[in-house]
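No lab work stands behind these numbers, since they all come straight from the coordinates. What you see is a predicted model, and the numbers here were worked out from it, not measured in a lab. Reconstructed Cβ throughout: ideal geometry from the backbone, glycine too, with neighbour counts over all protein chains shown.
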Amino acid sequence: MNKGLICPRCKNFLRAGKNKYDCLSCNVSYPTIDDICCFVERDSKGSGFKAEMFEFLFEVEKKHFWHTGRKEIIYQMLN
Ligand SMILES: [Zn+2]
């Protein structure tokens, strides 16, 4: 039975609030975006993306099966 969302840090159930979910155990609030709870931690600039990861992603996208397959499907659809 689903009792609700669970805190990724302490695994206790979260309490739903207005535009957020609160963990009463570790005193953390998780905001909601379009009614979806956001567990992604924001960096200091608030972007949600860590700039140092872009170079890693660029290299992975060259050879990972998901990205190469996706590109192949897009190429086929364009032709
Ligand atoms: Zn917690």
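Just a few scattered comments:
- Neighbourhood charge, 14 Å Cβ-Cβ cut-off, centred on L5 and excluding it, Lys, Arg +1 and Asp, Glu -1: +3
- Folded to 0 to 90 degrees: helix 65-78 orientation relative to the chain principal axis, Cα: 60 degrees
- Per-q log10 I(q)/I(0), region 1-40, q = 0.15, 0.29, 0.34 Å⁻¹ (Debye; single scatterer per alpha-carbon; no solvent): -0.29, -1.02, -1.27
- Cα long-axis angle, helix 53-63 against the chain (0 to 90 degrees, to the nearest 10): 40 degrees
- 13 Å beta-carbon shell around L57, net charge (K/R +1, D/E -1): -1
- Ellipticity at 222 nm from helices only: DSSP H runs of n ≥ 4 in the chain, each -39500 (n - 2.57), divided by the residue count, give -10000 deg cm²/dmol.
- Summary: within the chain, the longest segment free of trypsin sites (Lys or Arg not before Pro) located in DSSP loops with at most 10 other C-beta atoms within 10 Å is 46-79.
- Per-residue Cβ neighbour rank within 10 angstrom, fewest leading, M77, M53: M77, M53
- Size-normalised alpha-carbon gyration radius of the chain, reference 2.2 N^0.38 Å: 1.59
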